[in-house]
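Colleague: Below you will find the structure I want to go over with you.
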Amino acid sequence: MQLRERRCPVCGADCSENLFADARYDAAKLNAFAYASRKTPEGMHLRLVRCDACDLIYATPVPAMDGLADAYEAAAFDSGEEAARAAKTYIAHIMRRVHRLPDRAGALDIGTGDGAFLERLLENGFTGVAGVEPSDAPIRAAKEHIRPLIRKGIFHESDFQPESFSLVTCFQTLEHLPDPAAVCAAAFRLLKPGGAFAVACHNHRAFSAKLLGMNSPIFDIEHLQLFSPRGVTRLFETGGFKEIEVSSVVNTYPAHYWIKLLPLPAKDMLIGLLKASGIGYIPVPLPAGNLFAVGFKK
Ligand SMILES: [Zn+2]
């Protein structure tokens, strides 16, 4: 894989000497699963540096864009159940603010996976709903009536009409984008006046991240940057957004999914036992270290 150097993906400063952690990966182990979201963590990450001004941890150098696009296209998908639960959490955050949107006509979900969130949008009266997803597997897993709404490929602003959406969302995808500031600025241009951009991403300042240290699943080969409330606020400000609100996400997942994320030995056996006993399927709400941010085009 070809590597290229990066500057802070929010403010553009060169922080390459402000080392946070040396690279830890084995090229031979970069299997198809390394680029799927919500998969078993493998403890590998790129070289990480810190931008103190943005409170951002970001990877440099990173694999060149072409290599990334190929990896995402072929990435595996095994998380329909978790995707559905996450979509419920995110739609609740959106519906609390729906009265502040200009209307419910036009919603774009960047990194939509199997389109679980698109389903929730339709249920809640949104029209002109569209998703973008680079990986084949989740699109194949999408429900029959949702699949035609998903455009396959990397997000390109030019595929959509300016000022045509009331809502643009990007959930659990921000960490994966080679240029999150460009996507944030594109979202601004695609939104109607008064429209909202909403993201959900990991918070490297969260208690769970502190607790697990470098064993936290947020330190992952596929994550090109990690935000905190301050970092995501700066991203939104740079993109032109106003009335920015950041809150923490309480995710409700079955017990076996939480166990999957923990750095435990022999956890596959434990997960098997929990599933067999039924305990593994009990829904458990936890503030797992994700943040939700929304900003308006005012
Ligand atoms: Zn910065």
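The values are calculated or read from the model by the stated rules, or taken from the named source; none is laboratory data. For clarity, every value in this text was computed on a predicted model and none was experimentally measured. Cβ atoms come from the backbone with ideal geometry, glycine included; neighbour counts cover every protein chain shown.
Colleague: Tell me, which helices (runs of 4 or more DSSP H) lie completely within the range 86-199 with 3 or more residues that are within 24 Å of Val250 (Cβ to Cβ) and not acidic (Asp, Glu)?
Modeller: Output list reads 116-123.
Colleague: Something else: Which of the residues that make up the range 104-120 are touching a residue at least 40 places away in the same chain (Cβ under 8 Å) and out of contact with any Lys or Arg (no Cβ under 8 Å at 6 or more places or on another chain)?
Modeller: Across the range 104-120, the qualifying residues are Arg104, Ala105, Ala107, Leu108, Asp109, Ile110, Gly111, Gly113, Phe117.
Colleague: Restricting attention to the range 269-282, does a residue exist that is surrounded by fewer than 16 Cβ atoms within 10 Å (Cβ to Cβ), farther than 24 Å from Gly43 by Cα and among the β-branched types (Val, Ile, Thr)?
Modeller: yes
Colleague: Among the candidates Thr238, Thr233, which residue alone is out of contact with any strand residue (DSSP E or B) (no Cβ under 9 Å at 6 or more places or on another chain) and within 16 Å of the ligand (Cβ to nearest atom)? Break it down stepwise before answering.
Modeller: Details: Thr233 fails: out of contact with any strand residue (DSSP E or B) (no Cβ under 9 Å at 6 or more places or on another chain).
Only one candidate qualifies: Thr238.
Colleague: Specify which of the listed residues (Leu226, Leu149, Leu167) is closer than 23 Å to His45 by Cα and either surrounded by 14 or more Cβ atoms within 10 Å (Cβ to Cβ) or of a type in the set (Val, Ile, Thr) (or both).
Modeller: Just one listed residue meets the conditions, Leu226.
Colleague: Considering each of Leu30, Leu68 in turn, give the residue that is modelled with pLDDT under 65 and not small (Gly, Ala, Ser).
Modeller: Leu30
Colleague: What are the residues in the range 192-220 that are more than 30 Å from Pro162 (Cα to Cα), over 14 Å from the mean Cα position of the chain (by Cα) and not aromatic (Phe, Trp, Tyr), if any?
Modeller: Correct list: Arg205, Ala206, Ser208, Ala209, Lys210, Leu211, Leu212, Gly213, Met214, Asn215, Ser216.
Colleague: Another question, then. Quick check: is even one residue across the range 164-178 of a type outside the set (Ser, Thr, Tyr), more than 19 Å from Phe126 (Cβ to Cβ) and over 13 Å from the mean Cα position of the chain (by Cα)?
Modeller: Our first condition is that a residue be of a type outside the set (Ser, Thr, Tyr); within the range 164-178, this holds for 165, 167-168, 170-172, 174-178.
Of the ones still in play, those that are also more than 19 Å from Phe126 (Cβ to Cβ) are 172, 174-178.
Checking the rest, the ones that are also over 13 Å from the mean Cα position of the chain (by Cα) come to none.
Taking every residue of the range 164-178 in turn, none turns out to be of a type outside the set (Ser, Thr, Tyr), more than 19 Å from Phe126 (Cβ to Cβ) and over 13 Å from the mean Cα position of the chain (by Cα).
Here's the yes/no breakdown for (1) within 16 Å of the ligand (Cβ to nearest atom); (2) modelled with pLDDT of 95 or more; (3) under 20 Å from Arg6 (Cα atoms):
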| position | (1), (2), (3) |
| --- | --- |
| Ile57 | yes, yes, yes |
| Pro61 | no, no, yes |
| Asp78 | no, no, no |
| Tyr90 | no, yes, no |
| Arg96 | no, yes, no |
| Arg104 | no, yes, no |
| Ile110 | no, yes, no |
| Gly115 | no, yes, no |
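Colleague: Filter the range 224-255 for residues that are β-branched (Val, Ile, Thr) and closer than 26 Å to Lys192 by Cα and give the result.
Modeller: Matches in the range 224-255: Val232, Thr233, Thr238, Ile244, Val246.
Colleague: If we only count helices (runs of 4 or more DSSP H) wholly inside the range 218-282, which ones have 1 or more residues that are under 30 Å from Ala64 (Cα atoms), among the β-branched types (Val, Ile, Thr) and at pLDDT 90 or above?
Modeller: Once the helices (runs of 4 or more DSSP H) in the range 218-282 are filtered for at least 1 residues that are under 30 Å from Ala64 (Cα atoms), among the β-branched types (Val, Ile, Thr) and at pLDDT 90 or above, what remains is 229-238.
Colleague: While we're on this one: Mind checking whether some residue in the range 245-255 is under 23 Å from Arg24 (Cβ atoms) and surrounded by 20 or more Cβ atoms within 10 Å (Cβ to Cβ)?
Modeller: Looking for residues that are under 23 Å from Arg24 (Cβ atoms) and surrounded by 20 or more Cβ atoms within 10 Å (Cβ to Cβ), one finds none in the range 245-255, hence no.
Colleague: State which residue pairs qualify: first residue at positive phi and inside the range 161-185, second residue among the hydrophobic types (A, V, I, L, M, F, W, C) and in a strand (DSSP E or B) in any location, beta carbons under 8 Å apart, and separation of 6 or more residues or different chains.
Modeller: Glu163/Leu191; Gln172/Ala200; Gln172/Cys201
Colleague: What residue, of Arg120, Arg85, Arg104, is basic (Lys, Arg) and over 21 Å from the mean Cα position of the chain (by Cα)?
Modeller: Arg104
Colleague: Given the conditions (1) farther than 14 Å from Ala130 by Cβ; (2) surrounded by fewer than 18 Cβ atoms within 10 Å (Cβ to Cβ), and given that Glu175 satisfies all but one, which numbered condition is not satisfied?
Modeller: Unmet condition: (2).
Colleague: What's the total number of residues in the range 1-25 that are in a loop (DSSP other than H, G, I, E, B) and either away from the ligand (no atom under 16 Å from the Cβ) or not hydrophobic (A, V, I, L, M, F, W, C) (or both)? Spell out how you get there, then give the answer.
Modeller: Residues of the range 1-25 in a loop (DSSP other than H, G, I, E, B): 1-2, 5-18, 22-23, 25.
With either away from the ligand (no atom under 16 Å from the Cβ) or not hydrophobic (A, V, I, L, M, F, W, C) (or both) added as a condition, the list becomes 1-2, 5-7, 9, 12, 14, 16-18, 22-23, 25.
Qualifying residue count, the range 1-25: 14.
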